[in-house]
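The values are calculated or read from the model by the stated rules, or taken from the named source; none is laboratory data. None of the values given here were measured: they were computed from a predicted structure. Virtual Cβ from ideal backbone geometry, glycine too; neighbours counted across all protein chains shown.
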Amino acid sequence: MDFADTPEVARFRAGLRAWLAGHLDEYRHGTGYHSDAALAATLRWHRALAGAGYVAVSLPAEYGGRGLPDVYEAVINEELARAQAPAAPPIGHIAHAIADFAGDELKTRVLPGLLGCTSSWCQGFSEPGAGSDLASLTTTGRREGDEYVVDGQKIWTSGAMWADWCLLLLRTEADQPRHRGLSMLVVDMTSAGIERREITLANGSREFAEVFFDGVRVPAANLVGQAGIGWRIAMHMLTYERGPADMGWVGRLGHVLAAAVEDVRTGRCAADEPLRRRLVACAVNIDVLRWQVARSLVDRAGVAASVDKLLTTRIEQELFRVVGDLAGTGFVQGDDRFDEYLWSRAQSIYGGTQQIQRQIVAQRVLGLPRG
Amino acid sequence: MEIGLDQDQRAFAEVCAKLAAELATRWSPGRGPDDTSPAEPDEVAWSRIVAAGWLAIGLDEASVVDLTVLVEQLGYHTVPAPVIGTLLAAERLRLGGAGQDLLDAIGGGEVRVAPLLRRDLTDYAGTAADAVAWDSAGAEVTHSPDGTGHHLGDPLPGADLTRRTRAVGPAAGHLALTDPGTEDRLRLTALGLTLATADLLGVMRAALDDAVEHARNRTQFGAPIGSFQAVQQLAADCLVSVEASRSALFHSAWAADALPADEAVAAARTAKAFVAPAAVEVCETAIQLLGGIGMTWESRAHVRLRRAHASRALFGDEHHQLRHLTGRLLGENGR
Ligand SMILES: Cc1cc2nc3c(=O)[nH]c(=O)nc-3n(C[C@H](O)[C@H](O)[C@H](O)COP(=O)(O)OP(=O)(O)OC[C@H]3O[C@@H](n4cnc5c(N)ncnc54)[C@H](O)[C@@H]3O)c2cc1C
């Protein structure tokens, strides 16, 4: 048992800290997704990070990664959060889908741009009619010679407004049962027949879009692996979507906590005893969450992701409740954290809702019978 | 004992609901923050409100119970018009002995007033220093207890999209007002608390209705999501909160009409302490039941959640109420 870094991880961490000390200042302010300028700065930051060798390090070196264990990805996310740097590009799961399933030609064509962050990617999974029940999706790809003709609609596609490429989950095998009829296609977002419509979130965030596909022609060479394995790839991706990134999230929650603690310590914010205790309980929660996420990285059971998601949801939503209670009336009078609180309500919806996650844990971990 | 609305009150609720729903259709959150309708009612909306007598109801013979019937509908439809603010300001002026001409002009929508509340919104303000004009979209003037009128400044940033709080500007005229005295001041507090509670009940009820409607119609895994136990249990718990909140509101409103002022305030604090967190939770759960669509700007779900938070803060959140009730209930021993 050892919660401390190995000497190699410690060296890696020190190297990253040194790099951040030299490069972060320029990106400390002005990134985000709320304006064109912020977006441009964010994309520059991604390229700088990639150029320094800190993106998708768990991928094999031949594709531009460094072949390192997942722990290193977590260290990067943790250190970026610690330094209050903008987050790393959320591409690990897309990179793994392509690296682990695509043929060599497609890999060499798209991975350098993805890992070097010279091209932007989005993930087209959810549809208006297929949220929790993702496998019921109806966007279709009809094979015509050496092309697929794609028709349908995606929703909640993060980053779609500016993406160059979309990793699209769609139905290509009409005669197969629902899970086995799905495939994964790499789609050029500038193709004719694609229309994007921005979705603004309840907190004003502007990273999402609906994407409409109307007779979009995609080369069959852009199929990831074979037709019919789309669901398998999607499930594989889920194990990479969280895990290491959670460490960065814990770090960011830690900053929210630290700011609240500082408000109380300095007396800027009045807090009676019950509120003080709840704040300390949040500190306990976040420590436990950090240990839990760290344990999942090295001792990963297949369903760690669902357990950790549920724990994160519980802890994050309580944290913002306490932050709001501490802020009192100020919370509804222009406190920036109100928007973060709203975002915390999405934590129990995206990436599989709280109800679905509980069902996964109950049925697949606890082995309870299906209803 | 006769707990519930009488026939007239039920009829009044229906009339209010009709106009509130109509006013709500004139407003939209739009596609994003830059596209949201203003919180000020337009001329047509304001004239409808005036014609309905909503602004004058507090100045006539209406009971607090009657007022809550109206305000619950304002909350239910998240009506973007400063009716509650007008009611609170008018009642303050009436108890301060303002002239009938002014009160009539307020009731007729010609003079648009806003209540002067402490910046932390926990009560009416004693002076204009560190005070704000609450629910003041489109209002022209707010009055200090000493009778000084004040112009209104810019809207302050706020979470609520359907009501505005504004800064207090320079003095504008003077009224002869008298101190209403302790008893009436307590009545004002009880009124403010009770109307905030009524707004919360309306908001949470709308959130639940919307979520239940969605759960009936939205299909996933080949069945309406409302058929899944996880969804049913959340919805059922919400209804428990709504029903209990209604009982709390009824008692609070009755107490404001019937009990001595200090007991009315205690009843109002008790109700608010229960309903404020319950309303927020129901609005949060409604978003959960809507799924992703509930997290979009275009959805009313966050409009309700925002309004619930704002009304929760109005005259103090549950923690504020519990602090008051703690002293009353436990005294100082055993600390
Ligand atoms: C902020 C945010 C970011 C997102 N990012 C992405 C993205 O990048 N890419 C992408 O593809 N998608 C994304 N999504 C979509 C997200 O994955 C879906 O919203 C989510 O899967 C839920 O689907 P839904 O919204 O259709 O809700 P529904 O599936 O309709 O669910 C509605 C309600 O019913 C419940 N429910 C549904 N089925 C069951 C059941 N069997 N048992 C019990 N309860 C059930 C749910 O728990 C929920 O409470 C994002 C969503 C949000 C809010």
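Against the definition (within 16 Å of the ligand (Cβ to nearest atom), buried (at least 17 other Cβ atoms within 10 Å of the Cβ), more than 14 Å from chain B (Cβ to nearest Cβ) and in contact (Cβ under 8 Å) with a residue 60 or more places away in the chain), how does A:CYS122 come out, yes or no?
Yes: the conditions hold for A:CYS122.
So that you can scan it fast, the table gives a plain yes or no per residue for (1) surrounded by 24 or more Cβ atoms within 10 Å (Cβ to Cβ); (2) under 24 Å from B:GLN9 (Cα atoms); (3) of a type in the set (S, T, N, Q); (4) over 15 Å from the mean Cα position of the chain (by Cα):
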site: B:LEU59; (1), (2), (3), (4): no, yes, no, yes
site: B:SER63; (1), (2), (3), (4): no, yes, yes, yes
site: B:VAL69; (1), (2), (3), (4): yes, yes, no, no
site: B:ILE84; (1), (2), (3), (4): yes, yes, no, no
site: B:LEU102; (1), (2), (3), (4): no, no, no, yes
site: B:VAL113; (1), (2), (3), (4): yes, no, no, yes
site: B:GLY149; (1), (2), (3), (4): no, no, no, yes
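Can you tell me how many residues within the stretch A:162-219 are assigned to a loop (DSSP other than H, G, I, E, B), farther than 30 Å from A:THR108 by Cβ and either within 14 Å of chain B (Cβ to nearest Cβ) or in contact with a Phe, Trp or Tyr (Cβ under 6 Å, 6 or more places away or on another chain) (or both)?
Going through the stretch A:162-219 one residue at a time, the tally reaches 7.
Could you name every one of the helices (runs of 4 or more DSSP H) located completely within the stretch B:246-335 that has at least 1 residues being more than 21 Å from the chain's Cα centre (by Cα) and more than 14 Å from every other protein chain (Cβ to nearest Cβ)?
Counting at least 1 such residues, we get B:261-290, B:318-330.
Residue-by-condition table, conditions (1) within 16 Å of the ligand (Cβ to nearest atom); (2) within 22 Å of the chain's Cα centre (by Cα):
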| residue | (1), (2) |
| --- | --- |
| A:PRO274 | no, no |
| A:ARG278 | no, no |
| A:ALA294 | no, yes |
| A:VAL307 | no, yes |
| A:GLY324 | no, no |
| A:TRP343 | yes, yes |
| A:SER348 | yes, yes |
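Please enumerate the residues belonging to the stretch A:257-274 that are in a helix (DSSP H, G or I) and either basic (Lys, Arg) or in contact with a helix residue (DSSP H, G or I) (Cβ under 6 Å, 6 or more places away or on another chain) (or both).
Across the stretch A:257-274, the qualifying residues are A:LEU257, A:ALA260, A:ARG265.
Could you please give the count of residues in the stretch B:119-163 that are of a type in the set (Lys, Arg) and more than 11 Å from every other protein chain (Cβ to nearest Cβ)?
Within the stretch B:119-163, residues that are of a type in the set (Lys, Arg) and more than 11 Å from every other protein chain (Cβ to nearest Cβ) number 0.
Every residue, every condition in (1) within 30 Å of B:ASP130 (Cβ to Cβ); (2) within 13 Å of chain B (Cβ to nearest Cβ); (3) touching a Pro at 6+ places or on another chain (Cβ under 9 Å), yes or no:
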{"site": "A:ALA271", "(1), (2), (3)": "yes, yes, no"}
{"site": "A:GLN292", "(1), (2), (3)": "no, no, no"}
{"site": "A:ASP299", "(1), (2), (3)": "no, no, no"}
{"site": "A:VAL307", "(1), (2), (3)": "no, no, no"}
{"site": "A:GLY324", "(1), (2), (3)": "yes, yes, no"}
{"site": "A:ASP336", "(1), (2), (3)": "yes, yes, no"}
{"site": "A:TRP343", "(1), (2), (3)": "no, yes, no"}
{"site": "A:ILE349", "(1), (2), (3)": "no, yes, no"}
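Look through A:ALA95, A:ALA99 and report the one residue that is crowded, with 20+ Cβ neighbours inside 10 Å, closer than 13 Å to A:ALA56 by Cβ, within 16 Å of the ligand (Cβ to nearest atom) and not assigned by TED's automatic domain parsing to the domain that holds A:ASP70.
Just a single option satisfies the conditions, and that option is A:ALA95.
Answer yes if at least one residue in the stretch B:111-131 is farther than 22 Å from B:ALA310 by Cβ and at pLDDT 95 or above, and no otherwise.
yes
What's the total number of residues in the stretch B:1-50 that are of a type in the set (Ser, Thr, Tyr) and farther than 20 Å from B:ASP199 by Cα?
3
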